[in-house]
């Protein structure tokens, strides 16, 4: 890693730049969170730096549980020091003295990779006391997740890290002032942290210019499903989805056509084939009622039953609901029943009314993003595949 310029970013800032200058640099780059929320990274770091209480903490959210997302694992397996360097820079900027990598439980091989990388960084004098001989100390601790999808949610992650049940937290207060152990905490995604060292080395303008159509930076897309070349693709923000699907990934399987894609793993619901002309940026995707999120895209061709696909996704949500709030706990189960046909054959308008009422209740009062996002599956199913929905509702079968 060092042979190819790794850890130069730390050497360029520790003892040479003020923490506030580092935050300004990240703010100017327009780096936004790559885990789903898209919150400005510089603003988050500034809030932690200005918070009064100590010690402060940097947490790397590596609990990659979103179906269809596998980019973070690739970064951690093949470029772990980029994430570690990003955490060290974040610590210097915010005044944090401790950091945690909260790793998905199902990634045991990655755990070993990170253990080795952290030890290497510590032995090189890049972790611990007086880093690079300066009055700057920072240590990173590796923790395995609790094995639940909900642990990727910021508040649930922090509760799990503290040894508590992984329930989402009420907000406000936010982690930037009341995070780990109720102290100021910067929680950043793996991809976000890995983007920091190149920005420090090459400058904010360089990163801004990587994007297209006025957008800053790049995004790693995990592409899977019924497509010829699945995999991780680093794309400029603003790239047309059609370019990714047809030019980069060579389109659908032979003899098939694309029927739908999911966005944000599955959290963003479905988009139909006619929507592939959108660009991969939040304004464009949100215009279709979805969002880019963590960057997982799953492709479904014309051989798939979309009601069955929606049912399988909703079963996942029902299984992974933490149970803290009843709209999500019960609502996901009721949507599964409608999608499975267990509620029996129904007049179409009645079926639609029931599904709509359940979804609206979930989105209005669920405690976290799981309950808010789950109804996007049924909403988009109804919007894009009405014929399949009518056939399902009238037959009572999926």
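What follows draws every value from the coordinates through simple rules; no lab data is involved. What you see is a predicted model; the values in this text were computed from it and never measured. Here the Cβ positions follow ideal geometry from the backbone for every residue, glycine too, while neighbour counts run over all protein chains shown.
Annotations for the structure displayed:
- Counting DSSP beta bridges with both ends in region 220-301, the antiparallel % (nearest 5): 75
- Separation of alpha-carbon centers, region 53-109 and region 142-158, rounded to whole Å: 12
- In range of the label at residue 246: residues from region 282-319 whose backbone nitrogen is under 20 Å from the point 7 Å along Cα→Cβ: 284-285, 288, 297-303
- Mean separation of Cα contacts under 8 Å, 6 or more apart, over the residue count of region 220-301: relative contact order %: 38
- Relative contact order %, the chain, counting alpha carbon pairs below 8 Å whose residues are six or more apart: 16
- In the elastic network of the chain, a GNM with C-alpha springs shorter than 10 Å, the most mobile of 341, 155, 295 is 341.
- The base-10 log of I(q)/I(0) for region 220-301, evaluated at q = 0.13, 0.24 Å⁻¹, reads -0.31, -1.19 [Debye formula, identical scatterers on Cα atoms, solvent excluded].
- Length released on extending from residue 287 to residue 165, taking residue separation times 0.36 nm less the Cα-Cα span: 40.3 nm
- DSSP-defined antiparallel bridges as percent of all bridges, the chain, nearest 5: 45
- Length-normalised contact order for region 154-312 - Cα pairs under 8 Å, 6+ apart - percent: 17
- Subtracting the Cα-Cα distance of residue 112 and residue 333 from their residue separation scaled by 0.36 nm leaves 75.8 nm.
- Cα shape, region 306-395, gyration tensor, a/c 1.5 rule: prolate
- Measuring how big the chain is from its alpha-carbon positions, Rg and Dmax come out at 21.9, 74 Å.
- Compared with the dominant Cα axis of the chain, that is its longest principal axis, helix 375-384 is turned about 50°.
- 0 to 90° range, to nearest 10: angle between helix 348-365 axis and the chain longest Cα axis: 20
- The distance between label points at residue 305 and residue 209 comes to 5.4 nm (points 7 Å beyond Cα on the Cα→Cβ vector).
- Counted residue by residue at 0.36 nm each, then reduced by the alpha carbon distance between them, the extension gain from residue 53 to residue 319 reaches 92.0 nm.
- Within a Gaussian network of the chain (alpha carbon springs, distance under 10 Å), most fluctuating of 319, 109, 85: 109
- In this label model, residue 229 and residue 122 are separated by 4.2 nm, measuring between points 7 Å along each Cα→Cβ vector.
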